[in-house]
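No lab work stands behind these numbers, since they all come straight from the coordinates. None of these values were measured; they are calculated from a predicted model. Don't worry about glycine lacking a Cβ; one is built from the backbone with ideal geometry, like all the others, and counts go over all protein chains shown.
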Amino acid sequence: MRVKVDDDLCIACGECIDICPEVFDWNDDGSLAISKVNEVPADEEECAKEAVESCPTEAIKEF
């Protein structure tokens, strides 16, 4: 499983980081969320999916 945060849709609410900090983090200037892994580890897939579903702007895409 892979996830990507769309910079144009992210409003930096931090929900994904709160839900799944092993997969999501802030970008270098702290203004947007990013996926910090290329491939979501198997043991983090459940929280990554929860973060995708919880994003208020649907900025996180799973592929």
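Brief remarks on what is shown
- What the Cβ-Cβ distance of Glu53 and Asp25 gives, at R0 = 30 Å and to the nearest 0.05, is a FRET efficiency of 0.95.
- Cα-Cα P(r), the stretch 3-62, percent of pairs per 10 Å interval: 27, 61, 11
- A simple charge model with +1 on the Cβ of Lys and Arg, -1 on the Cβ of Asp and Glu and nothing else charged puts the dipole of the chain at about 140 debye relative to its Cα centre.
- Computed from Cα positions, the angle between helix 45-54 and the longest principal axis of the chain comes to roughly 30 degrees.
- Cys residues of the chain counted as unpaired, since no other Cys beta-carbon is under 4.7 Å: Cys10, Cys13, Cys16, Cys55
- Ranked Val23, Val37, criterion: other C-beta atoms within 10 Å, fewest first: Val37, Val23
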